[in-house]
Amino acid sequence: MSEPWRRLPALSLKQIQYFVTLAQLRSFTETANRLAISQPALSSALRQIESVLGGKLLHRTAQGVSLTEQGEAVLPYAERLLNTAHGVFDDMQQIMREGGDGTLRIGLVPSVSTLLFPAVPQLLSEYFPDMRVEFHDLTNDALLLELDNGSVDFGIGATDSTVPGSVAIYPLLEDPFVAVMRCDDALAEGHNIPWRQLAKRDIAMFSKGNVSRLVTSLIESHRLNLRVGYRVDFQETLYGLVRSRLAVAILPELYTATLNDDELTVIHLQQPTLSRTVAMMRKPAPLRSPKTEQCFQFLLQTFHNQIKQNAERII
């Protein structure tokens, strides 16, 4: 945390709000109406922002408003500042209204939900009874964006090369990739198979995101002769393709934790092995309140204990 007495730029949050709103609406008239201010006041605020930052942020023409290259570069930072401010003000109002500790916002990718539910919400309610908890269901790429702009306090997702350096990673477990196939499939006789045995089969996998990038990278780096016949967005679509004998699905094992289908089975993929690292992620700076930091550390230790106990049961 920076020193509270450190001199701040002569800009207000309202002026930042004016810039972000104008960047979205691209109209002085519409922005002034939306914010209930006069157009001269809006123009004056934008000139002051440009003066303080030392550069031109936008072009104003008869056709509308466009951002300069500098304006495009500054916009994400302004949006992050505004999102953080809104979140902090909401928390402060709730503290004053209810005498509680604010709201904890946890982002998670759907496949890791079995790590959280049902035990974690019950534990948080027991140890932090005044904390209101929100769970934000996100794709892994969206989770990284939400962490970066401060919309969630911390998250549970998967790591790869797209995780920015501004996000701190706390690994929890390795989640191996598996194949989901019909029980009557000739390849379903054992507990694991080499990737090369899928060479003449149509593969179904997610169309985008962390899982798609990892599988595609493995296929290319090991020059595997695999035919990806189907790329879909939803897990149930993958399972439907398998049930219909159209494909073998490839995805991380955690996705299959709730699979309850007598027609389908899960087979581990080997030679080579592929896994994704499931981790808690957050900004490296102290979280926005001591109570939020305590919740993070509590959950981190809870997950480590839970994963250790599961491993010991398997052994």
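Data table
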item	result
Sum of -39500 (n - 2.57) over DSSP H runs of 4+, divided by residues of the chain (222 nm, nearest 500)	-13500 deg cm²/dmol
Neighbour-limited loop hits for trypsin sites (Lys or Arg not before Pro), the stretch 175-245 (at most 14 other Cβ within 10 Å; DSSP other than H, G, I, E, B)	K200, K208, R223, R245
Folded to 0 to 90 degrees: helix 39-53 orientation relative to the chain principal axis, Cα	70
Net dipole in debye of the chain [+1 Lys, Arg Cβ; -1 Asp, Glu Cβ; about Cα centre; nearest 20]	960
Accessible area expressed per residue, the stretch 173-276, with surrounding protein chains retained (probe 1.4 Å, Å²)	52
Taking the stretch 13-98 and dividing mean pair separation by its residue count, relative contact order in percent (alpha carbons under 8 Å, at least six apart)	28
Correct choice for P(r) over Cα pairs in 10 Å bins from 0, in percent that was computed from the model, options [x] 6, 29, 35, 21, 8, 1, 0; [y] 5, 16, 21, 20, 14, 8, 5, 4, 3, 2, 1, 0, 0, 0; [z] 5, 21, 24, 21, 16, 10, 3, 0	[z]
Eligible lysines near K200 by straight Cα distance, threshold 25 Å, same-chain separation 8 or greater	K208
Alpha-carbon centroids, the stretch 43-58 and the stretch 169-210: separation in whole Å	54
Portion, in percent, of the accessible area of the chain that falls on carbon or sulfur, probe 1.4 Å	52
Span per principal axis, largest first, for the Cα atoms of the stretch 173-276 (Å)	34, 29, 25
Accessible surface, per residue, of the stretch 13-98 when the full set of protein chains is kept, probe 1.4 Å, Å²	61
Residue order for Y170, Y239 - accessible surface, 1.4 angstrom probe, largest first	Y170, Y239
DSSP-defined beta bridges in the chain - what % are antiparallel, rounded to 5	60
Approximate spin-label separation E236-Q271, in nm, with each point projected 7 Å along Cα-to-Cβ	3.7
Net dipole in debye of the stretch 13-98 [+1 Lys, Arg Cβ; -1 Asp, Glu Cβ; about Cα centre; nearest 20]	300
Per-pair calculated FRET efficiency, R0 = 41 Å: A186 and H136 via Cβ, rounded to 0.05	0.45
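The values are calculated or read from the model by the stated rules, or taken from the named source; none is laboratory data. Computed from a predicted model, the values in this text were never measured in an experiment. Please note: Cβ atoms are built from the backbone with ideal geometry, for glycine as well, and neighbour counts cover all protein chains shown. When the accessible area is computed, the model is the full protein with side chains, heavy atoms only, and any ligands, DNA or RNA have been set aside. Shrake-Rupley method; radii C 1.70, N 1.55, O 1.52, S 1.80 Å.
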